[in-house]
Amino acid sequence: MVSIRLSRGGARKYPFYHVVVTDSRNRRDGRYIERLGFFRPIAVPGEETLRLDVARADYWIGQGARPSERVAKLLGEFRKGKAARGAAKSAKPEAEKPEAEKPEAAKPEAAEAEAAKPEAESAESAESPEES
């Protein structure tokens, strides 16, 4: 039977797990069919703790692979987190709209500066015929 489970790596007291698709008769850290991602339970702040290829996991589950209890829990957490990240991304443009208005307020000042430039250029062009 094919299963989706964690394969341990990393150093002593610093675990790192690969999420793999493997034959259930193989050893825990032995040969695998496909690696779907990783799980780092002890992560340094700013590091990614979980990465999974959910599409491939769904494919293997559709083919009859059984996820271990921990992998099933991680898949659920990853899907929820991905949905939350998607909701956060959709909320950000609404928050950015007031910020977008601020540069528009700066545009009239820029227009005034541009209006002053042609006056200076016309003064320079008036001086240049005298030099010829």
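Bear in mind these aren't lab numbers, they're just calculated from the coordinates by the rules spelled out. Treat the numbers as computed from the prediction; the structure is a model and nothing was measured. Reconstructed Cβ throughout: ideal geometry from the backbone, glycine too, with neighbour counts over all protein chains shown.
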* Check: segment 8-90 dipole with +1 on Lys, Arg Cβ and -1 on Asp, Glu Cβ, in debye -> 200 debye
* **Difference of contour (0.36 nm per residue) and Cα-Cα distance, A72 to A11** => 19.5 nm
* Asked: Please identify the GluC sites (Glu not before Pro) of segment 1-88 that satisfy two criteria: DSSP loop assignment and at most 16 other Cβ atoms within 10 Å. Which are they?
  -> E47, E48
* Asked: So who's got an amide H within less than 5 Å of the one on R66, skipping anything under 5 residues away but keeping other chains? H placed 1.01 Å off N, in plane.
  -> V2, S3, I4
* **Note, ³J(HN,Hα) from phi for segment 37-53, Karplus 6.51, -1.76, 1.60, rounded to Hz, x at Gly and Pro** => x, 9, 9, 10, x, 10, 9, 6, x, x, 8, 7, 9, 9, 9, 9, 8
